[in-house]
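Novice: To start, I am sharing the structure in question, which I have written as structure tokens.
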Amino acid sequence: STARKGYITPTGTWKPTRMHKRYFSKKYNNSPMPYSIFYYKGYAIHGTSAVSNLGNSASHGCVRLHPDNAKLLFDLVKQYGPAKTNIRVRA
């Protein structure tokens, strides 16, 4: 899922800037962001427990995945390295 009404998910292509297996949002009430891959300012791809909202616009701007998929992506980026990873978000 991506940004809900009133928020944006930036489009473009980036390299991961940092990664955290366990992360909690300082901006949004300590919301859990497991398997976070940050790529642009405070935006990240990460897992969510709100799996029923996946496929709908529901976030504050991050790209949210099923926790199993977030772990798989996190492990792949860790295995191959951020320098060999491109994050591309399209409208």
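The values are calculated or read from the model by the stated rules, or taken from the named source; none is laboratory data. Remember, predicted model here, so these are calculated numbers, not experimental data. For neighbour counting, all protein chains shown are included, and Cβ atoms are generated from backbone atoms with ideal geometry for every residue, glycine included. Only protein heavy atoms, including side chains, enter the accessible area calculation; ligands, DNA and RNA are left aside. Shrake-Rupley method; radii C 1.70, N 1.55, O 1.52, S 1.80 Å.
Novice: Counting only protein heavy atoms, what percent of the accessible surface of the chain is carbon or sulfur at a 1.4 Å probe?
Specialist: Whole-percent figure for carbon plus sulfur exposure: 52.
Novice: OK, next. Excluding Pro34 itself, what net charge comes from residues whose Cβ is under 12 Å from its Cβ, given Lys and Arg +1 and Asp and Glu -1?
Specialist: +3
Novice: Please give the calculated 222 nm ellipticity per residue for the chain, where each DSSP H segment of at least 4 residues contributes -39500 (n - 2.57) and the sum is spread over every residue; nearest 500 deg cm²/dmol?
Specialist: Value at 222 nm, helices only: -5000 deg cm²/dmol.
Novice: Another question about this same structure. Excluding ligands, DNA and RNA, what is the solvent-accessible area per residue of the chain at a probe of 1.4 Å, expressed in Å²?
Specialist: For the chain, the per-residue accessible area is 66 Å².
Novice: Do any chymotrypsin sites (Phe, Trp or Tyr not before Pro) in the chain lie in a loop, going by DSSP, with at most 14 other beta-carbon atoms within 10 Å of their beta carbon, and if so which?
Specialist: Hits after loop and neighbour filter: Tyr7, Tyr28.
Novice: Now a separate question. Is region 39-91 best put as rounded, prolate or oblate by its Cα gyration tensor, with a ≥ b ≥ c the root eigenvalues, rounded for a/c under 1.5, and otherwise prolate when a/b is larger than b/c, oblate when not?
Specialist: Note, shape of region 39-91 comes out oblate.
Novice: I need to check one value: relative contact order of the chain, counting alpha carbon pairs closer than 8 Å and at least 6 residues apart, in percent.
Specialist: Computed value for the chain: 38 percent relative contact order.
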